[in-house]
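Everything below concerns the one structure shown next.
Each value in this text was obtained by applying a stated rule to the coordinates, not by laboratory testing. These numbers were taken from a predicted model, which means no experiment stands behind them. Glycine gets a Cβ as well: all are built from the backbone with ideal geometry, and neighbour counts include every protein chain shown.
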Amino acid sequence: MRSMNLDFPPEFFKPPAKRPENWPDHPHVRACVDWLKSFLVPSDWNRRRENAAHRLYAAAMGNPSDPNGRFFDETDMAAWYLFQAEAYVDHIWNYEPMFGSRVVPVFAAIGKEIEAISNVPGVDQRVKRLLTSERAQPNAGLFELLVAKAYIAEGAEVKFVPEAPGRKKTHDLDALIDGQNYAVECKRMETSEQGERERQWSTRLWLPAADELIRADASALCDITFIVSLDKVPTTYLRDKVALWANGRYQAIEWEDEFAVGAVKPIDLTPLREVLENDTVLASSTRLHELLTGTYKRHDNIKQFIRYKASEWNPRWLSECDFAAIFRYQCIAQESIDAKARDVLKKLADGNEQLPDDRPGLIHVGFESVDGDEVERRRHERIVQSASDFDPKGKDLRWAFCHYFVPECPPDNSWAFDETVQWCGIRNHNNRLPLENLFLIVPPEVDTDFRFGGHWDRET
């Protein structure tokens, strides 16, 4: 690919003079972006934004700053999130749908109640921590803002409880609801370590196979369902299957053995090329994967090598493609599902410890649900069991809420979002729920008929 000057001009982060009709503004996202940026010195934000952009485009040009190929700085995820939300409303060419789908809905939900949230006592201190000392893990602070927003929207008086350095951790929020003061603790779980391990194991399987395909200059889709944990699969497993396919003169092959059920078949580049005659396609996007594989599935695990000509207007988009190697995989081994379906028991116990003794308590646990429906079905079973057996050890813990966040970047849209809420009465089962609308991100007007059952039971 051609080189690119990574000294970005000022207009690179500004909206065009005339906004295209297919790129509408989003006032709620903009309100949240502007509010968060108001806590930063402009020169500091410009520096952090340029760093985020540099990593994104260096990765697009095949020269990632991170040895693991990540195109974001893990030590400043707050800037990456803010950069993506700002790009969505002002410089869409810098928007990355896979991560933007996780960020934009959160910002939109906060921005919708920005006037009320910005006046909550203690919120300024909380936001400053989110953007500075907690910049590597902003999810916790954003989750607290979402929970606060939910109570505010239903008329509760809310305030953030300030941190006291050197002292025992306390709860996050005070919420006065119908004359009763509640202590509210928020716990945000990050994605599972097992999922990250599987991504590393899958890379070790994929690289030797990809080398075979590149040397043969043969476009192929390797589509595999593993029935054992990926760390138990021989490193040469996928390469050997690709070699078998090549020896068979590139005719599709299928197999089932002690490791997996799979297939290797040639990729037809025609659908992609037909689109590229009149349009460009974002590299490493669900739109690209749909055109190359013929299908789209939410939260697909895909690795790719493609040879393409970058668009003249932006190297992140391709205008021509003459080679594609795709590895699509899933693991249905029970040990893998169990490892990824982490329970919330530890978060409940930690949250309960932080609740005071002198008032009723509420705990909200939030996590992204991106490891597949089988994982979430298993997690749901575990949560039901854990909550029913949970001992608050003398604390007046009334309710625990689990918020499953389901971001998605479909091929025909910049983002989509689903949410499932599971609530459990701990001791006082007859108490009224403190919230009528339990969703933190999906607005009630989107799905006016409240549905029962998890997102894992719906068609994807």
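Observations on the model:
- Taking label points 7 Å from Cα along the Cα-to-Cβ direction, Leu244 and Glu381 give a separation of 3.2 nm.
- Among 166-177, 367-378, 251-262, the peptide with the highest mean count of other Cβ atoms within 10 Å heads the list, and the full ranking is 367-378, 166-177, 251-262.
- Computed over the Cα atoms of segment 293-356, pair by distinct pair, the Kirkwood hydrodynamic radius stands at 16.3 angstrom.
- Helical segments meeting 18 Å axial Cα length and Kyte-Doolittle 0.5 threshold in the chain (DSSP H): 97-112, 139-153
- Proximal charge balance of Glu50 [Cβ under 13 Å; K/R count +1, D/E count -1]: -1
- Average Cα contact separation per residue, segment 194-335, under 8 Å, 6 or more apart, as relative contact order %: 31 percent
- Residue-span extension gain [Val228 to Trp423] - 0.36 nm each, minus C-alpha spacing: 66.9 nm
- Nitroxide proxy distance, nm - points 7 Å out along Cα→Cβ at Glu11 and Glu134: 4.0 nm
- In percent, rounded to a whole number, the relative contact order of segment 10-130 is 35, using alpha-carbon pairs under 8 Å and six or more apart.
- Footprinting exposure proxy ranking of Thr236, Thr293, Thr225, fewest other C-beta atoms within 10 angstrom first, gives Thr236, Thr225, Thr293.
- Beta bridges by DSSP in the chain, antiparallel share as percent, to the nearest 5: 65 percent
- Full extension of the chain between Ile253 and Ala416 gives 55.2 nm of extra length, using 0.36 nm per residue less the Cα-Cα distance.
- Principal axis dimensions, segment 10-130 - Cα atoms, whole angstrom, descending: 46, 36, 26
- Legend: calculated FRET efficiency, Leu433 to Asp373, from the Cβ-Cβ distance at R0 = 22 Å, rounded to 0.05, equals 0.25.
- Ranked for footprinting exposure by Cβ neighbours inside 10 Å, fewest first, Tyr296, Tyr404, Tyr237, Tyr88 give Tyr296, Tyr237, Tyr404, Tyr88.
- Structure note, pairs Lys37/Lys303; Lys128/Lys187; Lys112/Lys395: Cα-Cα distances above 26 angstrom occur for Lys37/Lys303; Lys112/Lys395.
- The antiparallel fraction among DSSP beta bridges confined to segment 194-335 stands at about 75%.
- Each label point was placed 7 Å from the Cα along the Cα-to-Cβ direction; for Glu196 and Ala58 their separation is 2.0 nm.
- Segment 164-214 - percent relative contact order, Cα under 8 Å, separation 6 or more: 20 percent
- Exposure proxy order (Cβ contacts within 10 Å, fewest to most) of Glu193, Glu212: Glu193, Glu212
- Seen from Pro138, the other residues with C-beta closer than 10 Å to its C-beta sum to a net charge of +1, counting Lys and Arg as +1 and Asp and Glu as -1.
- FRET E, pair Asp124, Asn22, Förster distance 41 Å, beta-carbon r, rounded to 0.05: 0.65
- Kirkwood estimate for the chain, i.e. one over the average of 1/r between Cα atoms, Å: 24.1 Å
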